[in-house]
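The values are calculated or read from the model by the stated rules, or taken from the named source; none is laboratory data. Computed from a predicted model, the values in this text were never measured in an experiment. Quick reminder, even Gly has a Cβ in these numbers, built from the backbone with ideal geometry, and neighbours come from all protein chains shown. For the accessible areas, the whole protein counts, side chains as well, though only heavy atoms, and no ligand, DNA or RNA atoms are used. Shrake-Rupley method; radii C 1.70, N 1.55, O 1.52, S 1.80 Å.
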Amino acid sequence: MPVRNDTIFERFLAPVVKTFLIDRDAILRYYQSRDWQQESDRLRNPAVEYPSYYSSQNFHSIEGGYLSLEAALSYDPITQYALPPNETWVRKALLERVQGNPRRILDLGCGTGTSTRMLKRAFPQAEVVGLDLSPYMLAVAEDKAKGDCLDIQFVHQNAEQTGFPDASVDLVTATLLFHETPPEVAQAILREAFRLLTVGGQVLVLDGNQGVIRQTEWLTEIFEEPYIKAYAAGSVDAWMGKAGFGAVQTDSLWVIHQITQGVKPLPGQQVRSVEFATPLSEGDRQWAWNWRGEAAKG
């Protein structure tokens, strides 16, 4: 069982957040509106094995981390305060860096699907898939997408080994994922993204500004983030380059965030614009496979 850490957040900030900044009655009503266990079980992939870095840690002072319904239901109300100056502006900055017109989009570590839904709205003709290790997060994500009448497939799988075919995706995104993983896992995810992308395909990573986090160590103690110091000590730029991406670039976003992008080049070449090598035919939805091995139905 995970062991609770007595973090600064838990001792001082959590009571304030839970009491004054979050509508706890609204969360309770939402909790009572669905059979969340049934919904998460429906999405659960029985073949998934949870890595120890994920299952043995608390995240954000929640027992069991993301493998709990509490984390899924409280994620959105808390995240709005974790992405200053405005969560929507921060997430839209990622969309503004998408090049070309991707037809197949994979959102890794999609959580409750906020960025996933924004991607679908921005590219309504694209097939969009959200992937996450938590079936509870996916249940909330799917509920939100259905409420918005958005056709998105949500897949319970490990981002390190998605099981999707080679060169089957035009755009891979990861929002607020890498600071939640050990650096070696983040690098494995980037290698998987490289495998999945078509030539000219793009990867976009939105997360905390590594340079700023390194200089504000006190900030890493506020939230229970077991891997954020290791994340801050690394370089997403370097990780992308090592995975084989070209045209790698990191932009600072409102000082405390960063967006890193890269493109899958032809062997031995540098790519500076996105030109998808394998356009998606209308009605072709064969690239995304669920855990039963069946093609996703459109």
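The gain in end-to-end length when the residue 48 to residue 88 segment is fully stretched comes to 11.3 nm, 0.36 nm per residue minus the alpha carbon separation. Please say if segment 160-252 is rounded, prolate or oblate, where rounded means a/c under 1.5 for a ≥ b ≥ c the square roots of the C-alpha gyration tensor eigenvalues, and otherwise the choice is prolate for a/b larger than b/c and oblate otherwise? The shape class here is prolate. In a reduced charge model with +1 at each Lys and Arg Cβ and -1 at each Asp and Glu Cβ, segment 88-226 shows a dipole moment near 600 debye about its Cα centre.
Would you tally the net charge around residue 50, using a Cβ to Cβ cut-off of less than 14 Å, leaving residue 50 out, and scoring K and R as +1, D and E as -1? Overall, the nearby charge balance is -3. Since only 141, 153, 208 are under comparison, the one whose Cα sits farthest along the positive direction of the charge dipole of segment 104-226, derived from C-beta charges on Lys, Arg, Asp and Glu, is 153. Using a probe of 1.4 angstrom and keeping all protein chains present, the accessible surface of segment 23-177 works out to 41 square angstrom per residue. Short-range pairs are left out: with C-alpha atoms under 8 Å and at least six residues apart, the relative contact order of segment 133-248 is 26 percent. To put it simply, the accessible area of segment 40-160 at a 1.4 Å probe is 49 percent carbon and sulfur. Against the criterion of solvent-accessible heavy-atom surface with a 1.4 angstrom probe, 251, 41 sort, most first, into 41, 251.
3J(HN,Hα) along segment 123-134: 10, x, 7, 7, 7, 10, 10, x, 10, 8, 7, 9 Hz, from the Karplus curve 6.51 cos²θ - 1.76 cosθ + 1.60 with θ = phi - 60°, whole Hz, x for Gly and Pro.
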